[in-house]
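Derivation of every value follows stated rules applied to the coordinates shown; laboratory data play no part. This is a predicted model, so every value here is computed, not measured. When we count neighbours, we look across all protein chains shown, and the Cβ atoms used for this are built from the backbone with ideal geometry, even at glycine.
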Amino acid sequence: MNDRYSRQRGFGLIEIMISLVVGLILTAGVIQIFTANKQTYRMLDAEGGIQENARFAEEILGRYLRIAGYRSDPTIDFATAFASVTYAGYGFATGQVIAGSDDEIVIRYQGDGVMRDCEDNTFISATTPVSTRFFVNASTLECATDLDPAGSQPLLSDVQQITIRYGIDTDGDGTANRYDRAAGVTDWSQVVSVRMILALQSAEANTSTTMGSRLQRGYTTTIGLRNRLP
């Protein structure tokens with residue numbers, strides 16, 4: 001019995017080194033899995049934030065584009081409700097309710113005494129025409145109105161770009177026959193819908209597969225101008 005106990009030995013140096021190497025490999029694997037899972041979580045969280053921003057942008061832009069040409073008294077024709085005016089460098093002819101470029105848009109509508117302007121600081125009296133402009137400034141979607149020429153309202157941050165195409169009805173059936181750049185619009189009264197491409201990015205860096213960069217997504221929405229449709 002005593003001989004058996006006397007022959008027992010502890011771990012040798014080589015065995016200890018092998019154990020340490022195996023432990024380091026296992027630890028490195030666990031760290032790699034944790035890092036990958038954390039990055040996946042960051043990407044999914046960023047994706048969710050971008051989708052939420054896209055829904056908000058589509059909601060706010062859609063709300064105002066759909067009221068382009070709104071008249072508090074629908075029996076009044078467009079020419080009577082909307083006199084010619086120049087706003088933000090765009091000349092509106094009599095009865096014209098939409099204008100813009102490839103990266104910003106201006107719409108006109110009348111107040112009804114209840115609705116506010118896009119800056120949410122002014123009740124618009126009935127029959128008062130309002131010009132409202134949407135544009136991107138320093139990665140922020142903003143709006144401005146001719147009721148407050150010196151001000152603008154930030155709506156959404158982390159907007160890289162907005163690209164606008166105008167739906168042109170060439171045969172008078174209320175449906176766009178083609179979508180064109182602003183330079184291709186020869187008669188703004190034929191514009192019955194707007195197609196917007198929003199390029200959005202995540203608020204934080206290191207949320208894409210490229211180290212240090214932000215997650216980027218593009219969303220396309222088409223909005224009909226209800227008051228211009230037959």
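Going toward the positive end of the dipole of the chain, with +1 on Lys and Arg Cβ and -1 on Asp and Glu Cβ, which of 189, 81, 134 do you reach last?
134
At most 10 other C-beta atoms within 10 Å and a DSSP loop state: those are the exposed trypsin sites (Lys or Arg not before Pro) I care about. Give me the longest piece of the chain that has none.
Numbers: sites that count: 7, 9.
Looking at the chain, 10-230 is the longest stretch - no exposed trypsin sites (Lys or Arg not before Pro) with at most 10 other Cβ atoms within 10 Å.
So what's the net charge close to residue 181: Lys and Arg +1, Asp and Glu -1, counting the other residues with Cβ under 10 Å from its Cβ?
The answer is -1.
In what order do 156, 13, 20 fall by count of nearby beta-carbon atoms within 10 Å, going from fewest to most?
Ascending Cβ contact count within 10 Å gives the list 13, 20, 156.
For helix 13-66, what angle does its Cα long axis make with the longest principal axis of the chain, in degrees from 0 to 90 and rounded to 10?
Approximately 10 degrees, to the nearest 10.
Could you give the alpha-carbon Rg of region 21-176 over 2.2 N^0.38 Å, rounded to two decimals?
Against the compact-globule rule of thumb, the ratio is 1.53.
Around residue 190, what is the net charge, scoring Lys/Arg as +1 and Asp/Glu as -1 over all other residues with Cβ under 13 Å from its Cβ?
With Lys, Arg at +1 and Asp, Glu at -1, the net is -3.
From largest to smallest, what semi-axes in whole angstrom does region 65-107 give when each is the square root of 5 times an eigenvalue of its alpha carbon gyration tensor?
Equivalent-ellipsoid dimensions as semi-axes: 20, 12, 6 Å.
What does the charge count near residue 97 come to, summing +1 for each Lys or Arg and -1 for each Asp or Glu among other residues with Cβ under 11 Å from its Cβ?
Working: positive: 71, 108, 228; negative: none.
Its environment carries a net charge of +3.
Once every DSSP H run of n ≥ 4 in the chain is given -39500 (n - 2.57) and the sum is divided by its residues, what mean residue ellipticity at 222 nm do you get, rounded to the nearest 500 deg cm²/dmol?
Per the formula, -9500 deg cm²/dmol.
If you bin the C-alpha pair distances of region 111-181 every 10 Å from 0, what whole percents do you get?
Distribution as computed: 18, 31, 31, 19, 0 percent.
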